[in-house]
Amino acid sequence: MEEKRASKQCGGVLAFFIGVLASLVIGWWVFPQVIYSQKTQPIDFSHKVHVEGEGMDCESCHTFMEDGSFAGLPSNEQCAECHEDILGESKAEETYVNEYLNKDVEVPWLVYQYQPDNVYFSHMAHKGFECTDCHPDVGNSDTLPTYYENRISGYSKQTMKMWQCERCHAEVGTSNACYVCHK
Amino acid sequence: MGIDRRTFIQLVTGGVVGSLFTPVIWKSLDDAAIWSQNWSWIPRLKYGQITEHATISKFGPSPCSLMVKSVAGSPYVAKGNAENEMSKGGVDAISAGGAQLLYSPSRVKGPMKKVADGKYESISWDDAEKMLSEKLSAVKGQAGKLAIVSGDATGTSSEVLSAFAAGMGSKDCYLMPGDEQAAAVALENMGGSGQIGYDLDNSDFVLLVGADAMNSWGSVVRNQRVYADKRPTGGDIESVYVYAGPFLNSTAAISDKWVPVAPGTGSIFSLGLAYHMLNAGASASVADFADFKTLVMSRFTPDKVEKAIGVAPGVMAGLAKQLMSASAPLVISGSEFGQGAGAVDIIAASALNMLLGRVGEQGGMKLLADLPLAVDAAASRAELSSRDFAGYLAAVATDKVKAPEVMMAYEANPVYAMPQATTMAAAIAKVPFLVSFSTWMDETASIADLIMPNPHSFERFDDAQTPYGVGTTMLSACAPVIEPLYNGKSTVDVILSVASGLGIDLGYESVEAVLQAKAEKAGADWDSLVEGVAYVSDSTESDSLKFAASVLSKAVTMPKGGEIALAPYAKLNVGSSTMAIPPLNCVTVSKFELQGKDLFVQINGKTAKKLNASEGSTVKLSGAGGECVARVHINEGVMNDVIAAPLGFGHTAWDEFSRGKGDNIAKILTVGTEPGTGMAVWTSSFVSVA
């Protein structure tokens, strides 16, 4: 009777640890894969072709507007300054010109670090930093990173969270008062 | 080791404990919190280039020059244009929500015709114009068959409409009632030409008789800006304001002195002041001065004036003395609610300006030159302003004049906004074919046979010339700030197209061409105008005026007394004669004007006692042509035997933000005829109370 109880206790501990282990595996390996869906950009855009081939830099396309606000992604109007007609032999360029530019449809790019409307983020105020301090370094890449969309929140995996903003503000001595980012 | 119940529980417990050391719970909770902020109905901001363009809004009674800020081409805020002299950087309470009004649920989204059961069916612009052309073709060249009413007193569009009416053989092209009508008739009777203007900017003593300059008289926003400039907070007061009117309205509240004067008795008040000035030796080198002096000294003696309007001789004498001792005094008269005043009110106030030597002087009353007409066949501004739409509709209502076959309403809502509204609406109902060019599904559009929506102010070319009340001739213009959101079409373009089809040559092919021609003829630079800079001219007409003593003699009658007078008032936050309560303004409506669906009128305690009413009690007010139900608010800022009542409520069309809220006071206004001029007047409206 005593042996049976001890055996049961031993089995109980084992079962407990198996549960823990299973949870850890699911939590750290399966869950991160399940929580995000993977999406690809509408066009296989090559930053490398533009940076290395054409000598452009980030500010060539990702510009500030007259009022200091950040234009974000280039519009068809900007792209058409060079791509009014198909310049090369790339399939991606052909797709862009035929499916978007000629049809006057803006490309529905997936923005990796889209912030919600209640966040007032000024690129101008952060102009002293390198773009790659916050954004993926895509300047020398022929492909765009996979876009991971959180299945629950709907935001990109790369979207900067508030604690990240606060940490950097604290490190550089900028106020973390609510009104600095939330108007 | 088998899996029994105990083992299973231990496995699950381990799983739960293990999960606490993974991101599953914490990240899921965090993501769920973010997800909960992303409901589909939460509006999303639009991002893009922020731009700023000048425009003109005509939502209020007077045009307002605005700077509209847009993001990625979508307007999101309207602010005053400080570079424009027309409104001097101010913005009225309706125009402030102009960007949001683009998306108003009341907007008419395209041309529609009425079908069975009073419902509307969308049609194409070609079909709509064809339908209109067929109706107009049948009445072309026949006098009295076509009537046009415009609610735009300042736009060149009204010139196009009047020229079109002339081409159709109709003389029945009118403006909606406004103070400019009384002023035009008054000026005509005084032998003047041009347009009466008032140089508030340079006056140091302003007496406002009836005219609610802060809410409904003249260029309201500009008046407010001038007042602010002349009396800066904490700064020197450069101009004294005195208000004479029936209750403590916004103008009275900001004035240095309020003299209670019953509605419709402004001319008696002015002539009572003239008595004291004449006694003090004031005179004018005018042909009928002697007749005027005789009239005033015999019929407007201090005791007679006190008996008629209740103002003590001492108050009158003191005010006359103040006027005569000021270096740049100015007397302005008008309706307490921006319409319905008689020409004699203006003539009597002008007489004071003449006695003070203030006609044509800096800071005084001006006779402004009209800008040249853009369309040759159009009626002059003075002629168009003096035409009497209320008198015309009243004659149609009583069958003294046959109803037209076709009536066209542009920027006007006569079914709701005309005095004695029920009677006037019945007159309009006699018209076999009613066309509305309204941007909004207002009361007139909702009974029209054909609706041809004009684009919103921000979506169209437009202009505005010398709003009534300003002290200089001016012109502003605007180009579209945004592409039309819906299927609207400029009314001027529609008229030009239809006119062309009917063989009427108006000389232009587009609204833009008309407005550019207007600017060119005025000597203004079109590009500067559309950038928001007003063209201003010092051009004036001859200062030679007469007192029109014979008209005053016939038209000014002493009140009988003992009746309950109605003192309507208009506040821009609840709309105008062309706009219902804008959705964003609902929260600004005073609880002393509307609670739930109940309209409130204001009377003082003595009048309440006389009427056996108390705070919150319900009363039925009856005028000559209708009834209104309202509740009572006791306000000692209202003079005895007067009921102050807000206009702008009781809409039956529009949207949930204005429909069915309160009652329409315009129903109980009583339209009478002014002796001496024959024009319709309704500032002396009396009501019975039950």
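The values are calculated or read from the model by the stated rules, or taken from the named source; none is laboratory data. Please read all numbers here as calculations on a predicted model, not as lab measurements. Here Cβ is always computed from backbone atoms with ideal geometry, including for glycine, and neighbour counts include all displayed protein chains.
Here are a few things to note about the model shown:
- Test: residue in segment B:223-240 that is buried (at least 24 other Cβ atoms within 10 Å of the Cβ) and under 26 Å from B:ILE309 (Cβ atoms): yes
- The single condition from (1) within 14 Å of another protein chain (Cβ to nearest Cβ); (2) at pLDDT 90 or above that A:TYR114 fails is (2).
- With respect to the stated conditions, B:ALA403 fails to be crowded, with 24+ Cβ neighbours inside 10 Å and either of a type in the set (Ser, Thr, Tyr) or over 23 Å from B:PHE337 (Cα atoms) (or both).
- Summed over segment B:137-164, residues that are outside any strand (DSSP E or B) and more than 16 Å from B:ALA403 (Cβ to Cβ) total 17.
- Condition met for B:ASP117 (part of a helix (DSSP H, G or I) and more than 8 Å from chain A (Cβ to nearest Cβ)): yes
- Listed conditions (1) assigned to a helix (DSSP H, G or I); (2) within 22 Å of A:TYR114 (Cα to Cα) are all met by A:GLY72, apart from (1).
- Test: residue in segment B:201-215 that is in the same structural domain as B:PRO414 (by TED's automatic domain parsing), in contact with a helix residue (DSSP H, G or I) (Cβ under 9 Å, 6 or more places away or on another chain) and surrounded by fewer than 24 Cβ atoms within 10 Å (Cβ to Cβ): no
- Selected residue (criterion: nearest to the other protein chains (Cβ to nearest Cβ)) from residues of segment B:16-33 that are assigned to a helix (DSSP H, G or I) and more than 60 Å from the chain's Cα centre (by Cα): B:GLY18
- Qualifying residue in segment A:27-40 (condition: within 11 Å of another protein chain (Cβ to nearest Cβ), of a type in the set (S, T, N, Q), surrounded by fewer than 16 Cβ atoms within 10 Å (Cβ to Cβ) and without any contact (Cβ under 8 Å) to a residue 60 or more places away in the chain): no
- First in segment B:86-101 and closer than 15 Å to B:CYS478 by Cα, second anywhere and in a helix (DSSP H, G or I) and not β-branched (Val, Ile, Thr), Cβ under 6 Å, 6 or more apart: B:SER87/B:ARG222
- Check on B:LYS430, closer than 24 Å to B:ALA445 by Cα and surrounded by fewer than 19 Cβ atoms within 10 Å (Cβ to Cβ): yes
- Any hit, segment B:440-448, residues being modelled with pLDDT of 95 or more, over 21 Å from B:LYS667 (Cα atoms) and not in a loop (DSSP other than H, G, I, E, B): yes
- For B:PRO583, the criteria (1) farther than 20 Å from B:PRO105 by Cα; (2) surrounded by fewer than 20 Cβ atoms within 10 Å (Cβ to Cβ) hold in every case but one, which is (1).
- For A:MET56: the one exception among (1) more than 8 Å from chain B (Cβ to nearest Cβ); (2) hydrophobic (A, V, I, L, M, F, W, C); (3) surrounded by 15 or more Cβ atoms within 10 Å (Cβ to Cβ); (4) within 30 Å of B:SER28 (Cβ to Cβ): (4)
- In segment A:41-69, residue nearest to A:GLY88 (Cα to Cα) [restricted to those that are touching a residue at least 24 places away in the same chain (Cβ under 8 Å) and not in a loop (DSSP other than H, G, I, E, B)]: A:VAL49
Okay, residues lined up against (1) within 14 Å of another protein chain (Cβ to nearest Cβ); (2) surrounded by 15 or more Cβ atoms within 10 Å (Cβ to Cβ):
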site	(1), (2)
A:GLU77	yes, no
A:GLU81	no, no
A:GLU89	no, no
A:TYR100	no, yes
A:VAL107	no, yes
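- Among residues of segment B:474-516 being in a loop (DSSP other than H, G, I, E, B) and in contact with a strand residue (DSSP E or B) (Cβ under 7 Å, 6 or more places away or on another chain), the one that is nearest to B:GLY197 (Cα to Cα) is B:VAL481.
- On inspection, B:ALA99 qualifies as aliphatic (A, V, I, L, M), more than 10 Å from chain A (Cβ to nearest Cβ) and either under 25 Å from A:GLY154 (Cβ atoms) or assigned to a helix (DSSP H, G or I) (or both).
- None of B:SER70, B:SER65 is out of contact with any Lys or Arg (no Cβ under 8 Å at 6 or more places or on another chain), modelled with pLDDT of 95 or more and within 27 Å of A:SER69 (Cβ to Cβ) except B:SER65.
- Residue tally, condition of a type outside the set (A, V, I, L, M, F, W, C) and loosely packed, with under 13 Cβ neighbours inside 10 Å, over segment B:5-53: 7
- Taking segment B:486-504 as the range and being over 30 Å from B:TYR103 (Cα atoms) and in contact (Cβ under 8 Å) with a residue 60 or more places away in the chain as the test, the residues that pass are B:ALA499, B:GLY501, B:LEU502, B:ILE504.
- Taken over segment A:121-150, the criterion of being within 14 Å of chain B (Cβ to nearest Cβ) and in contact with a helix residue (DSSP H, G or I) (Cβ under 6 Å, 6 or more places away or on another chain) is satisfied by A:ASN150 alone.
- So B:SER36, is it on the phi < 0 side of the Ramachandran plot, modelled with pLDDT under 95 and more than 14 Å from every other protein chain (Cβ to nearest Cβ): no
- Residues that are assigned to a loop (DSSP other than H, G, I, E, B) and within 24 Å of B:SER438 (Cβ to Cβ) were ranked within segment B:47-85; the one that is farthest from the other protein chains (Cβ to nearest Cβ) is B:PRO61.
- Look at (1) facing chain A (nearest Cβ under 8 Å); (2) of a type outside the set (Gly, Ala, Ser); (3) within 60 Å of the chain's Cα centre (by Cα) and you find that B:THR13 fails only one, number (3).
- Considering residues of segment A:137-180 that are small (Gly, Ala, Ser) and at negative phi only, the residue surrounded by the most Cβ atoms within 10 Å (Cβ to Cβ): A:SER153
- Among (1) without any contact (Cβ under 8 Å) to a residue 40 or more places away in the chain; (2) in contact with a strand residue (DSSP E or B) (Cβ under 7 Å, 6 or more places away or on another chain) - the single one A:LYS157 does not satisfy: (1)
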